[in-house]
1. If you take the residues of segment 145-171 that are assigned to a helix (DSSP H, G or I) and among the charged types (D, E, K, R), which of them is farthest from residue 44 (Cα to Cα)?
2. Of everything in segment 64-97, what is at pLDDT below 95 and assigned to a strand (DSSP E or B)? Give them in sequence order.
3. Looking at this structure, is residue 114 out of contact with any helix residue (DSSP H, G or I) (no Cβ under 9 Å at 6 or more places or on another chain), surrounded by fewer than 14 Cβ atoms within 10 Å (Cβ to Cβ), in a loop (DSSP other than H, G, I, E, B) and at pLDDT below 90?
4. Give the residue that is surrounded by the fewest Cβ atoms within 10 Å (Cβ to Cβ), with candidates limited to residues of segment 126-143 that are in contact (Cβ under 8 Å) with a residue 40 or more places away in the chain and over 22 Å from the mean Cα position of the chain (by Cα).
5. For residues that are touching a residue at least 12 places away in the same chain (Cβ under 8 Å) and either exposed (fewer than 15 other Cβ atoms within 10 Å of the Cβ) or touching a Pro at 6+ places or on another chain (Cβ under 9 Å) (or both), tally how many sit in segment 152-164.
6. Go through 38, 42 for me and flag whichever is farther than 30 Å from residue 167 by Cβ, in the same structural domain as residue 156 (by TED's automatic domain parsing), in contact (Cβ under 8 Å) with a residue 60 or more places away in the chain and in a helix (DSSP H, G or I).
7. Out of segment 65-101, which residues are surrounded by 15 or more Cβ atoms within 10 Å (Cβ to Cβ), out of contact with any Asp or Glu (no Cβ under 9 Å at 6 or more places or on another chain) and small (Gly, Ala, Ser)?
Amino acid sequence: MPRHGIGGRLPGATRGRATQVLKQLFCALFVLLGAALLAAGLHGLSHAAASRDWPAVEGVVLDAGLDVRRSHTFLPRVHYRYQVRGQSYESPRLYFSGLPVSSDRKDAEAMLAGLAPGRKVAVFHHPARPELAVLQPGITAAARLPLFGGLVFMGFGLLCLYLERRAWRRGRPAAEAGT
């Protein structure tokens with residue numbers, strides 16, 4: 001008589017069904033992760049596109065520099081202050097969507113060109129929510145990365161679900177079906 005519970009073995013049919021459910025959950029996780037990335041990417045992309053038409057005010061750079069991560073990744077950092085309708089705001093956002101990360105030090109330094117502390121800059125802010133601001137309005141290449149990543153994760157998850165379901169309908173797990 002088979003044992004059940006911790007350390008026990010399940011009968012073959014039950015084990016096969018449990019394996020199928022785990023595979024489907026794994027695939028569904030990829031779909032959900034992809035959907036989350038896609039939603040975040042679309043949200044950021046909509047702000048990036050809208051920022052081209054936002055009003056600009058004068059701001060001042062408080063701090064700017066380059067953070068080195070893992071000796072080969074460079075993260076430009078900027079912090080600036082600006083005023084809208086008499087209210088003072090501060091922001092670290094260079095542009096919308098994604099971190100301004102580069103694997104090339106010169107590219108990262110180029111992102112900070114003209115952003116020395118004390119320097120006056122044009123700050124583009126959301127007309128209704130002035131706390132949302134950027135120094136570089138519009139859609140950048142980094143704005144597309146979450147969209148691409150989301151589509152890849154969703155596509156992989158959906159493909160896995162499709163192949164697993166197809167193999168299961170044929171009566172054998174996907175690993176045995178050669179897919």
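1. Looking at the filtered set, the residue picked out is 169.
2. 64, 65, 66, 67, 68, 69, 73, 74, 75, 76, 77, 78
3. yes
4. 127
5. Residues in segment 152-164 being touching a residue at least 12 places away in the same chain (Cβ under 8 Å) and either exposed (fewer than 15 other Cβ atoms within 10 Å of the Cβ) or touching a Pro at 6+ places or on another chain (Cβ under 9 Å) (or both): 3 in total.
6. Just one listed residue meets the conditions, 42.
7. Selection gives 97, 98.
The values are calculated or read from the model by the stated rules, or taken from the named source; none is laboratory data. This structure is a prediction, so every number in the text was calculated from the model and none was measured. Note that each Cβ is placed from the backbone with ideal geometry, even for glycine, and that neighbours are counted across all protein chains shown.
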